[in-house]
Amino acid sequence: GSCSLFLLSDRHVLVGSRHDSDQGGGTSAIMTQLIAALTEQTKQGWVPDRTTVFCSWGGTALGNIGSYEWGKDNSVVLQSSAVAYVSLNSPVRGTETLRATASPTLLQLTSDIQRVTIHTS
């Protein structure tokens, strides 16, 4: 697997997906657009509170080798600095609403974002 840092801080949010997936779902396109959107926001002066680490994992069909090895090699940093992992595996599934699996705090955040998005649309 490979990862690249978006900005430096003491806390990290990891955003990752498989790059060898046969399930489709547009993960590469979504990752590219997410990076472009964050880059544009920083050009306009936005500074994120957390470092965003974008990860593209290989070897998923063979037991998640890429993410496992990267996690093992970076376990000290992950344990001390990682605050969330956002998985983009199979991100597009028809017209369903967002289904999130996360800690209670992150679930509340996704609910709040959906509520704001629905009311402003």
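The values are calculated or read from the model by the stated rules, or taken from the named source; none is laboratory data. Please read all numbers here as calculations on a predicted model, not as lab measurements. Don't worry about glycine lacking a Cβ; one is built from the backbone with ideal geometry, like all the others, and counts go over all protein chains shown. All accessible areas refer to the heavy atoms of the entire protein, side chains included, with ligands and DNA or RNA removed. Shrake-Rupley method; radii C 1.70, N 1.55, O 1.52, S 1.80 Å.
Before moving on, here are some points about what is shown:
- Here VAL116 does not qualify as modelled with pLDDT of 80 or more and loosely packed, with under 12 Cβ neighbours inside 10 Å.
- Of all residues assigned to the range 76-83, none qualifies as being modelled with pLDDT under 75 and part of a helix (DSSP H, G or I).
- Against the numbered list (1) modelled with pLDDT under 85; (2) in contact with a Ser or Thr (Cβ under 9 Å, 6 or more places away or on another chain); (3) at negative phi, SER90 comes up short only at (3).
- Of all residues in the range 28-64, those satisfying the criterion of being of a type in the set (S, T, N, Q) and either within 13 Å of SER17 (Cα to Cα) or open to solvent by 80 Å² or more (accessible area, probe 1.4 Å) (or both) are SER28, THR32, GLN33, GLN41, GLN44, SER56, THR60, ASN64.
- Cβ pairs under 7 Å, 6+ apart, first in the range 28-50 and closer than 24 Å to SER81 by Cβ, second hydrophobic (A, V, I, L, M, F, W, C): MET31/PHE54; MET31/LEU88; LEU34/VAL15; ILE35/PHE54; LEU38/PHE6; PRO48/LEU7; ARG50/VAL13; ARG50/VAL83
- Every residue from the range 65-82 that is closer than 15 Å to THR51 by Cβ and exposed (fewer than 11 other Cβ atoms within 10 Å of the Cβ): SER80
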